Amino acid sequence: MKISYRIAAVAALIVLACSFLITVNAQGKKPVPKLGKSTLKQVINAMTVEEKARLVVGMGFIMPGVPPPVKGQKPQPIDIGGFKLPPSDPEAYDVPEKVPGAAGRTHAIPRLGIPSITVSDGPAGLRIEPKRPNDPKTYYATAFPVATLLASSWDTALVRKVGVAFGNEIREYGVDIILGPALNIHRNPLGGRNFEYYSEDPLVAGSMTAAIVKGIQSNGVGTSIKHFAANNQETNRNSINTIVSERAMREIYLKGFSIAVKTAQPWTVMSSYNKINGTYTSERRDLQTTILKNEWGFKGLVMTDWFGGHDAVAQMNAGNDLLMPGNPDQSAAIVAAVKDGSLSIAQLDANVERILQIILKSPTFKGYKYSDKPDLVDHAKVSRTAAAQGMILLKNDSEALPLASGRRVAVFGNTSYNIIAGGTGSGDVHKAYTISLLQGLTNAGYKVQEQLAKNYTDYIADAKAKQPKNISFFIAPPPIPEMNVGDIVAKEADGADAAIITIGRNAGEGVDRKVENDYSLTEAEKGLISGVSRAFHAKGKKVVVVLNIGGVIEVASWRDNVDGILLAWQPGLEAGNAIADVLSGKVDPSGHLATTFAMSYGDEPTSKTFPGKEFPMPDGQKPNMLMGRPSEVTYEEGIYVGYRYFNTFKVKPAYEFGYGLSYTTFKLSDIKASSADFKGSITVKVTVKNTGKVAGKQVVQLYLSAPAQNIDKPESELKAFAKTGLLAPGQSQFLVFTLRAADLASFYTDKSEWIADAGEYKIKVGTSSTDIAKTVSFKLASPIVTEKVHAALTPQVTINELKNK
Ligand code: BGC
């Protein structure tokens with residue numbers, strides 16, 4: 001008793017002494033709290049309103065090629081090719097950058113021990129400047145395969161491994177947070193940034209996001225999952241008003257984000273540019289606070305997309321904690337709002353606290369000594385492995401593939417020589433090299449037709465030299481038209497064992513794709529495919545098309561001409577090697593589509609509404625790239641996006657969601673549900689056997705058809721998936737899936753509830769959304785309310801609009 005009394009007394013004295021030290025220093029003045037040494041409350045209490053307003057607004061950023069603001073003069077808007085961006089904070093130019101080429105920084109507040117942290121793009125690899133003035137070293141980063149390819153692997157363990165390598169580069173180059181992954185839904189195939197996004201299905205998108213976030217964050221750096229939410233197009237991207245039902249938001253556009261937040265807790269979320277039902281997403285409190293933070297339990301901070309939204313105070317009130325890249329006018333507006341009461345200090349403090357919590361976790365705060373030397377050789381191997389695992393064999397008549405290495409191939413198509421590793425814009429990565437298909441085939445031991453290769457190389461070099469030089473960051477140079485191979489093709493068919501034709505597509509932020517000459521093939525491409533096929537088929541030789549694309553294209557009109565089609569997507573810096581791995585059979589193709597290939601663009605459920613209607617400009621104003629024109633898009637298809645539409649309305653696609661071939665064959669058997677009645681959960685067992693001649697992996701997909709009692713439901717929805725390990729011929733693997741009540745539920749808008757309706761459910765297990773091996777049923781006796789949420793996302797009035805009334 002006595003001893004513990006003494007211990008308690010000593011402890012009390014220490015606490016007293018410490019609190020005395022915090023409040024009074026030797027000179028009798030209050031010492032200043034320091035982040036990490038004092039409590040967050042003490043740090044926040046010690047901050048002035050001006051300091052808080054600086055912390056919640058980024059330091060601005062240096063736009064490549066844009067001169068710094070003139071000292072002593074008010075910063076002017078940044079003019080990029082006629083488009084005006086708000087002026088950058090002059091501090092961005094005055095404070096030396098920690099990592100040149102990074103997209104943004106927060107302000108440091110040295111007196112409180114708060115450092116500036118650095119954020120950088122983008123989803124397929126770290127985007128920083130590869131060269132620095134007066135520095136002989138290089139700072140290249142690995143271009144990993146784009147998200148659409150990673151999703152096509154259906155392999156979350158693999159995607160996590162990519163994240164581990166990716167995160168190591170982020171940490172070793174001194175960056176704190178990567179501005180990715182991106183997981184908007186492939187609502188329409190023309191979306192300019194679809195390559196940055198995973199899928200048309202939220203379970204795939206959310207699972208892939210969670211996997212890569214876990215991998216990246218295992219390095220002690222952060223992620224920013226983006227763009228929250230419904231950022232499904234680039235046309236008028238900074239201002240488009242998206243009219244969408246709460247059910248479609250909850251079941252499709254928010255679902256992936258909720259999976260990622262609940263299972264991986266990304267450090268940050270990036271709000272999107274667009275409006276939802278009349279209000280900018282960054283200004284919607286129901287989205288940023290009620291749903292994201294309160295309903296889903298998101299612990300990190302929300303940052304705006306660059307220059308997103310227009311009302312800093314509304315953004316603060318919405319719980320959009322950090323405004324990026326930041327400009328001093330925003331800080332001034334925040335200070336004024338605290339003074340006039342339109343922003344409470346409690347709300348500002350809440351935003352500040354979330355930012356400080358992330359800073360506390362950052363490598364910069366922890367004083368991490370980064371090497372600037374990530375293991376790029378090892379990461380290139382990771383990139384190559386992942387790339388090969390996400391490629392999809394769409395067609396393989398008469399075993400056109402694999403094509404044994406050592407054979408002689410005639411390589412056609414510009415992108416065989418000038419392969420596209422990834423898309424443009426902030427998703428582009430400064431990589432040290434990209435392996436062309438020609439190089440990859442040569443490396444793999446194929447003999448290539450040399451004169452043809454020379455013709456292509458000369459033709460491309462010549463066309464590139466003629467390309468316009470002043471292309472902006474947002475506008476990729478126009479694609480080089482396909483070379484006319486009319487005269488040489490017959491000779492090539494004599495000399496080579498097979499033909500490979502690559503069809504390439506590039507796109508990126510700021511601009512959506514077009515139907516003509518992009519979704520559809522150009523006349524020259526069609527001519528190339530038919531000409532080569534005719535010549536090679538006449539000699540009894542095979543023709544294989546490689547699709548080096550970031551988003552869906554039209555395939556139905558030309559696929560019958562060729563023997564094989566490999567969908568290689570945009571495979572990162574090891575592109576050519578990874579494609580050769582699959583063409584040669586070194587790697588069995590095991591990718592499956594995570595997005596539907598329709599027969600024609602007109603079959604797409606969103607083809608009539610994408611990219612929305614434009615309205616006249618307000619008097620005296622001209623459209624600019626930042627804000628575009630006043631416009632609106634209505635998601636008339638509701639929840640019927642992708643296969644939910646095609647399968648429910650029985651529209652046959654060219655290649656359905658979930659589809660993918662292999663060089664081997666598989667059989668799914670012993671498919672059994674644990675019970676015929678649902679009691680809390682149900683498990684489904686499947687045996688997968690490799691029934692073919694080579695080793696391979698299979699993707700097993702579980703779809704659920706729910707009873708449409710009170711509201712309409714899609715024909716079926718993906719509820720679980722798994723990829724087997726590499727199965728040798730004859731080898732089997734046993735898989736188990738579990739469905740819980742939440743997996744059965746649909747969103748009832750009128751009740752603000754997720755409800756699993758009573759009735760009969762059908763579980764469909766297969767290898768695509770229509771190739772179903774077996775259907776098993778179970779019954780749910782009475783309905784279950786699996787979650788009660790808040791009514792949200794209806795048209796709302798911003799706090800400032802209220803204020804102005
Ligand atoms: C893009 C974001 C990107 C940001 C910073 C924006 O234009 O939409 O995805 O992270 O710029 O570069």
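The values are calculated or read from the model by the stated rules, or taken from the named source; none is laboratory data. Because the structure is predicted, anything quoted here is derived from the model rather than measured. With ideal geometry, Cβ positions are generated from the backbone for all residues, glycine too; neighbour counts draw on all protein chains shown. Accessible surface is based on the protein model in full, side chains and every heavy atom, while ligands, DNA and RNA are left aside. Shrake-Rupley method; radii C 1.70, N 1.55, O 1.52, S 1.80 Å.
Annotation note: Cβ proximity below 8 Å between a residue of the range 577-591 that is closer than 17 Å to residue 728 by Cβ and a residue that is among the polar types (S, T, N, Q) and open to solvent by less than 10 Å² (accessible area, probe 1.4 Å) (sequence gap 6+ or interchain) occurs for 590/153. Restricting attention to the range 104-116, and to residues there that are in a loop (DSSP other than H, G, I, E, B) and open to solvent by 10 Å² or more (accessible area, probe 1.4 Å), which single residue is nearest to the ligand (Cβ to nearest atom)? Among those residues, the one meeting the criterion is 116. Restricted to the range 212-229, and to residues there that are assigned to a helix (DSSP H, G or I) and open to solvent by 10 Å² or more (accessible area, probe 1.4 Å), the residue that is farthest from the ligand (Cβ to nearest atom) is 214.
If the requirement is being within 15 Å of residue 194 (Cβ to Cβ), touching a Leu at 6+ places or on another chain (Cβ under 7 Å) and either open to solvent by less than 10 Å² (accessible area, probe 1.4 Å) or modelled with pLDDT of 95 or more (or both), which of these qualifies: 518, 512? Break it down into steps so the answer makes sense when it comes.
Details: 518 fails: touching a Leu at 6+ places or on another chain (Cβ under 7 Å).
The conditions single out 512.
Restrict the check to the range 755-769 and report whether at least one residue is free of Cβ contacts under 8 Å to residues at least 24 places away in the same chain and either surrounded by 20 or more Cβ atoms within 10 Å (Cβ to Cβ) or in a loop (DSSP other than H, G, I, E, B) (or both). So far as the range 755-769 goes, no, none of its residues is free of Cβ contacts under 8 Å to residues at least 24 places away in the same chain and either surrounded by 20 or more Cβ atoms within 10 Å (Cβ to Cβ) or in a loop (DSSP other than H, G, I, E, B) (or both).
Residues 706, 742: which one is over 25 Å from residue 793 (Cα atoms), at pLDDT 95 or above and among the small types (Gly, Ala, Ser)? Walk me through how you get there before you give the answer.
Details: 742 fails: over 25 Å from residue 793 (Cα atoms).
Exactly one residue qualifies, and that residue is 706.
The single residue among 163, 192, 180 that is in contact (Cβ under 8 Å) with a residue 40 or more places away in the chain and either more than 15 Å from the ligand (Cβ to nearest atom) or not in a loop (DSSP other than H, G, I, E, B) (or both) turns out to be 163.
Within the span defined as the range 302-310, every residue fails to be over 20 Å from residue 119 (Cα atoms), crowded, with 22+ Cβ neighbours inside 10 Å and not aromatic (Phe, Trp, Tyr).
Any residue that is part of a loop (DSSP other than H, G, I, E, B) and basic (Lys, Arg) - is there at least one of those in the range 733-752?
In the first step, residues of the range 733-752 are kept if they are part of a loop (DSSP other than H, G, I, E, B); the result is 745, 749-752.
From the residues that got through so far, the ones that are basic (Lys, Arg) too are 751.
Yes; the residues of the range 733-752 include at least one that is part of a loop (DSSP other than H, G, I, E, B) and basic (Lys, Arg).
Looking across the range 117-154, just one residue is part of a loop (DSSP other than H, G, I, E, B), in contact (Cβ under 8 Å) with a residue 12 or more places away in the chain, away from the ligand (no atom under 16 Å from the Cβ) and open to solvent by 30 Å² or more (accessible area, probe 1.4 Å), and that is 140.
The set of residues in the range 232-271 that are in a loop (DSSP other than H, G, I, E, B), touching a residue at least 60 places away in the same chain (Cβ under 8 Å) and more than 20 Å from residue 749 (Cα to Cα) comprises 233, 234, 235, 236, 237, 238, 239, 240, 267. Filter the range 474-509 down to residues that are acidic (Asp, Glu) and not in a loop (DSSP other than H, G, I, E, B) and give me whichever is least open to solvent (accessible area, probe 1.4 Å). So the residue we want is 492.
Tell me, yes or no, whether the range 398-405 has at least one residue that is more than 30 Å from residue 289 (Cα to Cα), of a type in the set (S, T, N, Q), out of contact with any Ser or Thr (no Cβ under 6 Å at 6 or more places or on another chain) and loosely packed, with under 15 Cβ neighbours inside 10 Å. Yes, the range 398-405 contains a residue that is more than 30 Å from residue 289 (Cα to Cα), of a type in the set (S, T, N, Q), out of contact with any Ser or Thr (no Cβ under 6 Å at 6 or more places or on another chain) and loosely packed, with under 15 Cβ neighbours inside 10 Å.
From the list 431, 469, the lone residue that is at pLDDT below 95 and open to solvent by 40 Å² or more (accessible area, probe 1.4 Å) is 469. So which residues in the range 363-392 are touching a residue at least 12 places away in the same chain (Cβ under 8 Å) and small (Gly, Ala, Ser), if there are any at all? 371, 380, 383, 386, 387, 388, 390 - these are the residues of the range 363-392 that are touching a residue at least 12 places away in the same chain (Cβ under 8 Å) and small (Gly, Ala, Ser). Selection of the range 295-325 for residues being touching a residue at least 40 places away in the same chain (Cβ under 8 Å) and of a type in the set (Gly, Ala, Ser) yields 300, 308, 312, 314. Just the residues that are hydroxyl-bearing (Ser, Thr, Tyr), closer than 13 Å to residue 227 by Cα and within 16 Å of the ligand (Cβ to nearest atom), please, taken from the range 238-280. Answer for the range 238-280, where residues must be hydroxyl-bearing (Ser, Thr, Tyr), closer than 13 Å to residue 227 by Cα and within 16 Å of the ligand (Cβ to nearest atom): 268, 271, 272, 273, 280. Once the range 79-99 is narrowed to residues that are open to solvent by less than 30 Å² (accessible area, probe 1.4 Å) and under 16 Å from residue 67 (Cβ atoms), the residue that is nearest to the ligand (Cβ to nearest atom) is 85.
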